[in-house]
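To start, the structure itself, in structure tokens.
The values are calculated or read from the model by the stated rules, or taken from the named source; none is laboratory data. Being a predicted model, the structure only gives us computed values, none of them experimental. Here the Cβ positions follow ideal geometry from the backbone for every residue, glycine too, while neighbour counts run over all protein chains shown.
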Amino acid sequence: MQKSNCRFNFLVRIKVIRVLFVVLFIGEFSGYTQEEILDQKINLVKENVSIASVLGELETKLDFTIGYSDSAIDISKIISINAKEKTLAKVLRNLFPSKLYQFKVLGKKLLIYKRPKKYTISGYISEKVSQEYLGSVSIYIPELNTGTTTNDYGFYSLSIPEGNHQILISFVGYKNIKKNIDLTSDITININLEPETEYLDEIIISSDQETSKSQITQMSSEKLNPSFFEDIPTILGEKDAIKTLQLLPGIQSGSEGSTGFYVRGGTPDQNLIILDEATVYNSNHLFGIFSIFNGDAIKSVEIFKGGFPARYGGRLSSVVKINTKNGNKEKFAGKANISLISSSLLLEGPIKKGKTSFVISGRRTYADLLLLPLMTKEEKLAYYFTDVNAKLHHVINDKNKLYWSTYYGQDKYRNRTVFENERSKQKILWGNITSTLRWNHEFNNKLFSNTSLIFSNYKFTVSKDDRGGANRSSTFKTSSGINDYGIKFDFNYYPTPNHTFRFGIGSTYHDFTPKEINIKNINDDEIVNTQKIKTLESAIYIEDDWRINDKISIYPGLRFSHFQHKSKSYFKPEMRLSAAYKLYPLLTLKASYARMNQYIHRLSNSGLGLPTDLWVSSTERLKPQLSEQIALGIAKDFKNNVYGLTIEGYYKKMDDIIAFKEGASFAGLESVREITGSIRTVDFVNGITTGKGWAYGTEFLLRKKKGKLTGWLGYTLSWSQRQFKDLNGGKIFNERYDRRHDFSIVGIYKPSKRITISGNWLFASGINYNLPNTLGVAAGNNFPIEDVNNNDNILLFNTEKNNFKGENFHRLDLGIQFHKITKRNRERTWGFSFYNVYARKNPFYYEISSENQNSPNVLYRRYLFQFLPSFNYSLKF
Amino acid sequence: MKPYILLIIGFIVLGCDDLKEEIRNRPEGEKLVLINGFLSPEEEIIKVEVSKTISVFDKPLQLQQADFVNTLIIKDAVVVIKNENQEEVELSYSSDSKLYQIASSEFLIEPGKRYTLNVSTEGKEFKATCVIPVTKTESISAAIGFRAVDGAVVENLNVSFDDIKGENNFYIVGALFNVTNSIEENRSVVNFDIERFATDVNGDGLGISANGTISNTSESLEVTVKVANVDELIYTTLKASFLNKDQTSNPFFQPIIPPNNIEGEGGYGVFAGFRLLEKTMTLGPIQSLDGF
């Protein structure tokens, strides 16, 4: 066997050498011929003769045929020439001084041809009415089969040969534009796209070439516009971008109703969530039932599950990029929305028409206000969340633009009790603040830059204030959080239509407070304990979207990331590569590789994204997490891009991932005391273990993108496993959210301008639970400290991690919206949504308990939301 | 409109408690031999517990705790401990303590030394080894006062001690007390709740404190404080005993899987070492607050 292998290798080697020899030989030979003719010295002296006559004389002298195109060369031009012992190349250059003219020898023929001159078209694409810049718009030249897309700021640049061209500008949801240009110099073309009538009477057929999956190199990514998540029915009628993402293959939800999401076997903290360039650390309201992203303020949501471009880094599993609206630059507009549990209002408009715009949107839940009459004088309990998005956009001039955007969101839980002289006030607060100042600068028509100053904050606070008689009082306050201060420079460079370079550098200063405790006891003892970790995370990257030819394109990228904590620094190169090969014009084979490092981690016991989870940093002892992912897939578009199909397989390996050791974190939320206890006792130094993870699977997505009925059908078959030295006895175990099958079907039907009907059905295999199923004698009997068993000699435990596979989850949600344009041209929408229509009792968690002391233990499925109807009303003005 | 909204919100917020349904397909627990032996140079008796386990769904659960222990305890095992010099001693079963035990005067447990446990029972052989920690906590201080707990003020015993430098440490804190010169035989236990489990999370060598609920602080108290620095295996297995059973209805709690260093098929448990510092002191009385 070994011998035959050797022989095979030898034969292959011989073949390779032969091919190299032929290539080199032919190259040398043809080079020699060309050089010889063009280097041949000649004498030619002529005055006031046409170029045609000079070329004729050269043909005679050299015994060569000279070929040229009449349209490229003006052969009637009169010239004079005085060449003595000059090479043919020099003579020809004298006749055709412009470097656009090229000379090539083919056997006994000399070709003279003119290389066309290239000019650059650049500009911005925006929406017609609002002047909102549009990203990912396709600019396509059918005749040249080339094109580009706008970046996130609506900018594009395309260098093409001079001459007459037809440009096709297209973007899903907007009317296509065809524009004829006579390109004779660099030009700026700013284009306004008009939204298509929202309720389509017929299928629009377009040549939306670049945005179709078979035409781009990038794989494992999806982009959603607000219209998607505005139409899909959700729990309690709250439109939610993250919940819509959870319906896509490869993106799985956690527990029922939770906005925590698990991408290709990763954990929620491995998702990089970027809101207008700022990292968002906690994307949940109400323990994960709603996401913090107010649908009204969002312009676009894009997710990358693999094949990550080099401009993104710092997380292992996904990148979710959320861009907010810039605000209407032409007229004041707004939207008010009332739903069962919250109300929201968005206002936008010009501050200076065409130059400066603003947008502000706010949302607040009012369950606390509605429940107020039920509260007693002795006890008042309130919970609400609120969020505000605000943005200012200012066009300084054609080349410079400024954006300032900010987000503030807060969940508040308050509980006040009054009993005679004793008063107690408890508060739990958690929320994010982000703020970004961005400056777009166009250096020239091929080089675009964006500079961002970024601030991001997440804080979780629990406080308790007890006051009694005789001025007795005690206060307790504990918090954890993180502050980020970042600067980032990103550049887009468009040298030719076949290359789009992106490069940049950025740095973020992380100021972690894993734990801060301030206790003031009755006897005025004050305990203050603050832990701080300060780190610097930086990265430099370059990537190129390179179309090698009509069939092959690659997207290589390189990112160097650096992380500094005290004297310990980590420097990690990260290689990224995507490649696409067109098997047929609309069928593309794709592959990608991505290596990612993660320097900051969220420690979570429950995996539910609770506010008690702590963000901690890589330190000297805690290495950064690392992942490598390869993916292979096909993308097919058919029926004039009405349908898109992607099938992808992936394999992801994760190293140095972290988890709590058994019992290192106790996540109790039943009382403030439990929550504070969780924070006080959590041990993120000794309580952490590191390990490995594997995730692999296949994803299938069939989308219908246009027409009265749109939607998708998604299926994921996947596996996700972990191995930690200190967990499960060091043995490999299935990850909690390791779901074998995940299927979703989503449909939005718009039969007329007045009605939108939507529905989704999803099915997911059960997740894994830790279910203590064994009883033994507690070990504390044997220990010299009394009551260590908590007055109970029974030990309830399980020996295998995630030892119970929960039941399958499935659910049907339906929604219907009635739209009406009022006489004042305002759009009024009544929406009704029905969550879990057939009232499936899906598992939330499992509990072992008995009816009474004398009955045997029973396993119960606890479920949360059965049939939940809700409504919302919105008015656009 | 308002009552309707209130009804729905009320349903969502308050209605969750009874949303449960029985499941037939349940994961039966394992039949294991559970072995726990914790050795310390400070202990007068060397003790090892050998018992069986049952499935949580098994029928005879409606037993009183003492019966439960009696049902599961294995009384006819052969339990042998061996030191580094291959000297061994067999522990005999005590029906009083329900443990296999021997006086430490007959078999010396020394800091830093390795010991091996061999258990033969039910036709199977089990083995485990451990090393006794070298260092122990050097000083403990304690003070009594008050603290607020869930809107009430309670009498508090604060125990503090310094972390042992240079290593990751795991501690278990406890205390007994009675009124000085009391004639009562039984001493009361200070309730440290979850704070009885402490680590050097605040930093290597820094101070550690735990608060426990005490009573009778208006009188002089004789308090015996105990701080054990234990092997991480002991810490985790005791924490599992402490937390798991109370948290079965907490959806956010992940039950602790107790560690295992018992070799042999069907064996489970911990054989590990710890060091113990006990200090008895007289504290109080302190002036009571209004309302007490």
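Looking only at residues in the range B:160-173 that are surrounded by fewer than 22 Cβ atoms within 10 Å (Cβ to Cβ) and not in a strand (DSSP E or B), the one that is nearest to the other protein chains (Cβ to nearest Cβ) is B:N168. Taking the residues in the range A:814-829 that are buried (at least 19 other Cβ atoms within 10 Å of the Cβ) and not polar (S, T, N, Q) as candidates, determine which candidate is nearest to the other protein chains (Cβ to nearest Cβ). Ranking the candidates gives A:G815 first. With a requirement of 2 or more residues that are of a type in the set (D, E) and more than 30 Å from B:L276 (Cβ to Cβ), none of the strands (runs of 3 or more DSSP E) lying completely within the range A:743-844 satisfies it.
Residue count for the range A:859-869 under the criterion of being more than 8 Å from chain B (Cβ to nearest Cβ) and in a strand (DSSP E or B): the result is 1. Based on this model, can you work out whether A:P514 counts as in contact with a Leu (Cβ under 6 Å, 6 or more places away or on another chain) and on the phi < 0 side of the Ramachandran plot? Yes; evaluated as a whole, the condition is true for this residue. If the condition is being closer than 23 Å to A:E47 by Cα and polar (S, T, N, Q), then the range A:66-111 contributes A:S76, A:S80, A:N82, A:T87, A:N94, A:S98.
Of the residues contained in the range A:770-781, one or more are found to be within 14 Å of another protein chain (Cβ to nearest Cβ), surrounded by fewer than 22 Cβ atoms within 10 Å (Cβ to Cβ) and over 28 Å from A:G266 (Cβ atoms). Within the range A:169-198, the set of residues being crowded, with 19+ Cβ neighbours inside 10 Å, under 27 Å from A:K213 (Cα atoms) and either of a type outside the set (S, T, Y) or in the same structural domain as A:P226 (by TED's automatic domain parsing) (or both) comprises A:I169, A:F171, A:V172, A:I191, A:L193. Scanning the range A:285-303 for residues being surrounded by fewer than 24 Cβ atoms within 10 Å (Cβ to Cβ) and either at pLDDT 85 or above or not small (G, A, S) (or both) gives a total of 8.
For the range A:133-169, give me each residue that is of a type in the set (S, T, N, Q) and over 30 Å from the mean Cα position of the chain (by Cα). Those that are of a type in the set (S, T, N, Q) and over 30 Å from the mean Cα position of the chain (by Cα): A:N164, A:Q166. Between a first residue in the range A:326-342 that is over 13 Å from A:G831 (Cβ atoms) and in the same structural domain as A:K353 (by TED's automatic domain parsing) and a second residue that is assigned to a loop (DSSP other than H, G, I, E, B) and among the aliphatic types (A, V, I, L, M), which pairs have beta carbons less than 9 Å apart while being 6 or more apart in sequence or on different chains? Sorted first by the residue in the range A:326-342, then by its partner, the pairs are A:N328/A:V129; A:E330/A:V129; A:K331/A:V129; A:A333/A:V129.
Does at least one position in the range A:806-813 carry a residue that is among the hydrophobic types (A, V, I, L, M, F, W, C), facing chain B (nearest Cβ under 8 Å) and either crowded, with 17+ Cβ neighbours inside 10 Å or in contact with a Gly (Cβ under 7 Å, 6 or more places away or on another chain) (or both)? No, that holds for no residue. Across the range A:569-620, the number of residues qualifying as modelled with pLDDT of 90 or more and more than 30 Å from A:K213 (Cα to Cα) comes to 6. When A:I554, A:I548 are screened for being surrounded by fewer than 16 Cβ atoms within 10 Å (Cβ to Cβ), under 22 Å from A:T500 (Cα atoms) and either out of contact with any strand residue (DSSP E or B) (no Cβ under 6 Å at 6 or more places or on another chain) or not charged (D, E, K, R) (or both), only A:I548 passes. Residue-level check: of (1) in contact (Cβ under 8 Å) with a residue 60 or more places away in the chain; (2) away from chain B (no Cβ under 14 Å); (3) closer than 30 Å to B:N211 by Cα, A:K459 misses just (1).
With the condition kept exactly as written, say whether any residue in the range B:83-106 is surrounded by 16 or more Cβ atoms within 10 Å (Cβ to Cβ), hydrophobic (A, V, I, L, M, F, W, C), more than 17 Å from B:E43 (Cα to Cα) and more than 22 Å from the chain's Cα centre (by Cα). No, the range B:83-106 contains no residue that is surrounded by 16 or more Cβ atoms within 10 Å (Cβ to Cβ), hydrophobic (A, V, I, L, M, F, W, C), more than 17 Å from B:E43 (Cα to Cα) and more than 22 Å from the chain's Cα centre (by Cα).
Taken over the range B:82-91, the criterion of being more than 18 Å from A:A779 (Cα to Cα), part of a strand (DSSP E or B) and not charged (D, E, K, R) is satisfied by B:V89 alone. So, B:G269, is that one assigned to a strand (DSSP E or B), under 23 Å from B:T53 (Cα atoms) and under 16 Å from the mean Cα position of the chain (by Cα) or not? Considered against the rule, which asks whether it is assigned to a strand (DSSP E or B), under 23 Å from B:T53 (Cα atoms) and under 16 Å from the mean Cα position of the chain (by Cα), B:G269 comes out as yes. Of the residues contained in the range A:697-714, one or more are found to be more than 27 Å from A:G173 (Cβ to Cβ) and at pLDDT 95 or above. A single member of B:L157, B:L176, B:L243, B:L238 is at pLDDT 90 or above and outside any strand (DSSP E or B), and it is B:L238. Taken over the range A:137-167, the criterion of being more than 19 Å from A:K401 (Cα to Cα) and part of a loop (DSSP other than H, G, I, E, B) is satisfied by A:V137, A:P142, A:E143, A:L144, A:N145, A:E162.
Within the option set B:P41, B:P111, being within 24 Å of B:N229 (Cβ to Cβ), away from chain A (no Cβ under 13 Å) and at pLDDT 90 or above holds for one residue only, B:P111.
If the condition is being under 29 Å from the mean Cα position of the chain (by Cα), assigned to a strand (DSSP E or B) and in contact (Cβ under 8 Å) with a residue 60 or more places away in the chain, then the range A:170-188 contributes no residue at all.
Note on the range A:232-282: enclosed strands (runs of 3 or more DSSP E) holding 1 or more residues that are modelled with pLDDT under 90 are A:251-253, A:261-263. Scanning the range B:181-215 for residues that are crowded, with 17+ Cβ neighbours inside 10 Å and touching a residue at least 40 places away in the same chain (Cβ under 8 Å) turns up B:I194, B:R196, B:F197, B:I208, B:A210, B:N211, B:G212, B:I214.
Of the residues making up the range B:175-202, those that are in contact with a strand residue (DSSP E or B) (Cβ under 7 Å, 6 or more places away or on another chain) and among the hydroxyl-bearing types (S, T, Y) are B:T180, B:S188, B:T199.
Of everything in the range B:181-211 that is in a loop (DSSP other than H, G, I, E, B) and of a type in the set (A, V, I, L, M, F, W, C), the residue that is nearest to the other protein chains (Cβ to nearest Cβ) is B:V201. A:P856 meets the conditions (1) at the interface with chain B (Cβ under 9 Å from one of its Cβ atoms); (2) closer than 29 Å to A:Y737 by Cβ; (3) in a loop (DSSP other than H, G, I, E, B) in every case but one. The failed one is (2).
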